[in-house]
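Asker: This structure is in structure tokens; I'll ask about it shortly.
The values are calculated or read from the model by the stated rules, or taken from the named source; none is laboratory data. What you see is a predicted model, and the numbers here were worked out from it, not measured in a lab. Here the Cβ is made from the backbone with ideal geometry for all residues, glycine too, and neighbour counts use every protein chain on show. Surface areas here come from the heavy atoms of the whole protein model, side chains and all, with no ligands, DNA or RNA. Shrake-Rupley method; radii C 1.70, N 1.55, O 1.52, S 1.80 Å.
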Amino acid sequence: GNSDFDRFMSWVTFQPFLRRIYGCSFLPYHDYGRGGRGWRDLWQDCLSLLLMEPGDVGKMILANFGGVRMDGTNATIIGDGIGNFIADRNGIPRVWMDHAFWPFMTVRMYIDQTGDMAILGKKAGYFKDALVMRGMDRDQDWEPEQGSTQRSADGAEYAGSLIEHLLVENLCAFYEVGAHNIMRLRGADWNDALDMAEEKGESVAFSFAYAGNMVWLADLLESYGKAEGVSDIEVLKELGQLVTAGKDAWDTAEKKGQLLDSYCASVRSRISGETVSFAISEIAQSLREKAQWMKEHLNGQEWIDGKDGEGWFNSYYDGSSRQVERYAENDADVRMMLTGQVFAIMGGVAEPERIAKITKAADRYLYRQEIGGYRLNTDFGEVKSDLGRMFGFAYGEKENGAVFSHMAVMYANALYSRGFVREGYQALKALADTSLDFETSRMYPGIPEYFNPQGRGMYSYLTGAASWYMMTMLTEAFGVKGRGGDLLIAPKLVGEQFDADGKAAVSLEFAGKKLHITFENPAKADFDGCKVIKAVLVEGAAEQEIGQLEDGCVRIARSDVQEKFGGDLNEIRVSLG
């Protein structure tokens with residue numbers, strides 16, 4: 001129903017190609033990065049590829065896991081070609097505590113889009129350099145001539161399944177906590193400018209994210225077992241201590257630290273190369289137990305009550321070991337950050353009643369429609385040197401209170417995923433409206449990395465937000481996504497997204513077939529009026545109903561898509577009730 005938005009989306013879907021070519025830079029006025037891509041970029045760029053060019057993504061994913069170290073950290077400099085990694089820049093160790101979060105998110109989406117469950121059992125090597133003990137020490141026995149691949153005691157290169165890699169990453173992150181039993185912030189998380197709380201900083205925000213990861217990983221492992229007909233998996237013997245430890249062995253920060261130190265010491269140089277077998281059910285139960293503990297701990301310790309039925313979660317502890325966010329009677333003294341809210345919602349930690357309170361608080365303290373929507377944080381009014389250089393930026397610039405497109409889109413994605421459709425739509429619409437208002441944004445077509453205090457779009461082709469925006473529009477708003485390799489259609493469109501005839505349409509490729517899906521909604525009702533899909537018709541020589549209607553969505557088996565759809569463009573009509 002909005003031709004300008006259609007054209008805007010054409011540019012948004014083009015941006016990921018530019019990012020893949022030029023990395024974290026593009027145009028002359030970009031003062032950010034050196035043109036390369038980092039660890040986070042590798043995995044998030046795969047998200048857009050899965051939707052546009054899915055063919056070789058599996059090979060890329062497998063190769064990318066070769067950048068993981070045995071202590072759960074990873075190489076941060078990407079070499080030439082796929083799967084080539086270089087030791088940290090200038091040999092300076094830095095650990096971004098969010099890095100282990102992204103690979104699983106990408107793998108999960110890859111399996112949903114392709115049905116390739118077998119990838120979890122495929123093997124990849126591990127990265128090895130002098131940095132050990134999660135970057136806190138150096139391996140004096142390692143020499144560059146040994147190469148950058150982890151070796152076992154007999155000198156052979158070691159490779160482990162992707163399941164093992166995912167367990168190494170997520171379990172090591174779980175055990176590395178600070179004084180409040182929250183995952184340590186270390187060098188930074190997603191917000192690279194939170195880089196001055198190395199010793200005592202803690203990231204509540206990504207503790208929410210990892211809690212969600214562990215539940216989804218448990219689910220995925222069980223699905224893998226059923227699909228592949230296996231009940232056990234092999235993992236490195238040294239890793240067993242992190243897998244099998246019961247709650248009484250990790251319920252305090254001190255106990256977690258002892259377990260992590262023991263494991264990291266056992267893999268600091270060469271490893272045994274021996275594997276042990278665990279029942280998938282045992283690993284899944286262990287992951288769920290840890291996730292449940294995290295949810296209860298985070299909900300009990302980090303919630304902040306505001307006024308008028310509002311509230312939000314604290315996102316960080318600073319380098320002085322103090323909670324960063326707070327409520328105050330005077331709105332100017334309130335401290336609220338968007339990141340913690342995003343991952344509390346996305347990770348499934350926030351219950352619906354609390355999500356409603358979060359959205360009210362975010363609308364009051366963070367939302368500015370005229371400059372793109374949701375700011376990253378309120379004005380702290382100080383150069384907070386015990387948390388990060390972000391507070392050295394003027395308020396509204398870069399990571400200090402700008403409307404940062406990436407986090408704003410992830411906020412929308414999280415809200416959609418939990419059924420808060422209007423709220424998610426508002427976040428996406430504000431970004432698009434400001435981008436399209438040239439007199440305000442003064443930018444090239446597409447979505448910028450952030451909007452400054454005047455609403456000007458900055459760093460037009462740098463951002464990974466384009467991949468997330470496209471993914472959110474397709475898989476959440478239009479609701480067209482993979483589920484275990486099948487095609488799922490579960491629209492969450494609002495009334496104004498339909499045209500004058502009550503139609504909205506999207507084109508995509510799925511399972512090697514080109515699809516054009518038209519949603520028919522003559523009443524132009526919101527999502528609440530579209531919960532029932534009345535029919536799904538595939539047009540062809542003989543028009544046929546296809547798929548199984550269930551819970552307000554339709555699921556079409558991958559085999560049906562491959563066998564019953566034609567080689568040309570397949571027209572699908574979805575009639576909404």
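Asker: Considering only the range 410-467, how many residues are on the phi > 0 side of the Ramachandran plot, touching a residue at least 60 places away in the same chain (Cβ under 8 Å) and open to solvent by 20 Å² or more (accessible area, probe 1.4 Å)?
Answerer: Counting residues in the range 410-467 that are on the phi > 0 side of the Ramachandran plot, touching a residue at least 60 places away in the same chain (Cβ under 8 Å) and open to solvent by 20 Å² or more (accessible area, probe 1.4 Å) gives 1.
Asker: How about the range 526-549: which of its residues are modelled with pLDDT of 70 or more, within 16 Å of LEU487 (Cβ to Cβ) and in contact with a helix residue (DSSP H, G or I) (Cβ under 8 Å, 6 or more places away or on another chain)?
Answerer: VAL538, ILE546, GLY547 - these are the residues of the range 526-549 that are modelled with pLDDT of 70 or more, within 16 Å of LEU487 (Cβ to Cβ) and in contact with a helix residue (DSSP H, G or I) (Cβ under 8 Å, 6 or more places away or on another chain).
Asker: Checking the condition of a type in the set (Ser, Thr, Tyr), part of a helix (DSSP H, G or I) and either open to solvent by 60 Å² or more (accessible area, probe 1.4 Å) or under 30 Å from THR378 (Cα atoms) (or both), which residue from SER281, SER320 passes?
Answerer: SER281
Asker: If you check ILE556, ILE517, which single one turns out to be over 21 Å from THR13 (Cβ atoms) and surrounded by 17 or more Cβ atoms within 10 Å (Cβ to Cβ)? Give the steps one after another, and end with the answer.
Answerer: On the way: ILE517 fails: over 21 Å from THR13 (Cβ atoms).
On inspection, the qualifying residue turns out to be ILE556.
Asker: Of all residues in the range 561-571, which are buried (at least 16 other Cβ atoms within 10 Å of the Cβ) and at pLDDT below 90?
Answerer: PHE565
Asker: Here's another thing I want to ask about it. Restricting to the range 260-278, give me the number of residues that are in a helix (DSSP H, G or I) and either open to solvent by 30 Å² or more (accessible area, probe 1.4 Å) or at pLDDT below 95 (or both).
Answerer: Residues that pass the stated criteria total 4.
Asker: Further, regarding this structure: Kindly evaluate ALA394 against the criterion of being open to solvent by 60 Å² or more (accessible area, probe 1.4 Å), of a type in the set (Gly, Ala, Ser) and in contact with a strand residue (DSSP E or B) (Cβ under 8 Å, 6 or more places away or on another chain).
Answerer: Against the criterion (open to solvent by 60 Å² or more (accessible area, probe 1.4 Å), of a type in the set (Gly, Ala, Ser) and in contact with a strand residue (DSSP E or B) (Cβ under 8 Å, 6 or more places away or on another chain)), ALA394 qualifies.
Asker: Still on this structure, I have one more. Go over the candidates GLY373, GLY347 one by one and state the one that is open to solvent by less than 20 Å² (accessible area, probe 1.4 Å), at positive phi and within 24 Å of the chain's Cα centre (by Cα).
Answerer: Within the list GLY373, GLY347, the selection yields GLY373.
Asker: Enumerate the pairs (first residue in the range 168-190 and under 18 Å from LEU217 (Cα atoms) and of a type in the set (A, V, I, L, M); second residue anywhere and part of a loop (DSSP other than H, G, I, E, B) and open to solvent by 10 Å² or more (accessible area, probe 1.4 Å)) with beta-carbon separation below 7 Å, excluding pairs fewer than 6 apart on the same chain, so at least 6 apart or on different chains.
Answerer: Once the first residue is under 18 Å from LEU217 (Cα atoms) and of a type in the set (A, V, I, L, M) and sits in the range 168-190, its partners that are part of a loop (DSSP other than H, G, I, E, B) and open to solvent by 10 Å² or more (accessible area, probe 1.4 Å) give ALA173/MET97.
Asker: Assess whether VAL215 counts as being β-branched (Val, Ile, Thr) and either surrounded by fewer than 16 Cβ atoms within 10 Å (Cβ to Cβ) or not in a helix (DSSP H, G or I) (or both).
Answerer: The answer is no for VAL215.
Asker: Then there's this: Go through (1) in contact with a Pro (Cβ under 8 Å, 6 or more places away or on another chain); (2) modelled with pLDDT under 95 one by one and return the number of the condition ALA75 breaks.
Answerer: Unmet for ALA75, out of (1) in contact with a Pro (Cβ under 8 Å, 6 or more places away or on another chain); (2) modelled with pLDDT under 95: (1).
Asker: Against the conditions (1) touching an Asp or Glu at 6+ places or on another chain (Cβ under 9 Å); (2) modelled with pLDDT under 90; (3) open to solvent by 10 Å² or more (accessible area, probe 1.4 Å), where does GLY23 fall short? Just the number, please.
Answerer: Checking GLY23 against (1) touching an Asp or Glu at 6+ places or on another chain (Cβ under 9 Å); (2) modelled with pLDDT under 90; (3) open to solvent by 10 Å² or more (accessible area, probe 1.4 Å), the one that fails is (3).
Asker: Picking from LYS200, LYS295, LYS307, which residue would you name as being open to solvent by 20 Å² or more (accessible area, probe 1.4 Å) and without any contact (Cβ under 8 Å) to a residue 40 or more places away in the chain?
Answerer: Result: LYS307 is the single residue among LYS200, LYS295, LYS307 that is open to solvent by 20 Å² or more (accessible area, probe 1.4 Å) and without any contact (Cβ under 8 Å) to a residue 40 or more places away in the chain.
Asker: In the range 238-259, which residues are within 13 Å of PHE174 (Cα to Cα) and of a type in the set (S, T, N, Q)?
Answerer: Within the range 238-259, THR252, GLN258 qualify.
Asker: Considering only the range 468-491, state which residues are small (Gly, Ala, Ser) and either at positive phi or assigned to a loop (DSSP other than H, G, I, E, B) (or both).
Answerer: GLY479, GLY484, GLY485, ALA490
Asker: When the residues of the range 492-507 are filtered to those that are part of a loop (DSSP other than H, G, I, E, B) and of a type in the set (A, V, I, L, M, F, W, C), which remaining residue is most open to solvent (accessible area, probe 1.4 Å)?
Answerer: Restricting to residues being part of a loop (DSSP other than H, G, I, E, B) and of a type in the set (A, V, I, L, M, F, W, C), the top hit is ALA500.
Asker: Take the conditions open to solvent by 10 Å² or more (accessible area, probe 1.4 Å), within 27 Å of LEU474 (Cα to Cα) and not hydroxyl-bearing (Ser, Thr, Tyr) and apply them to GLY79. Does it pass?
Answerer: No, not satisfied.
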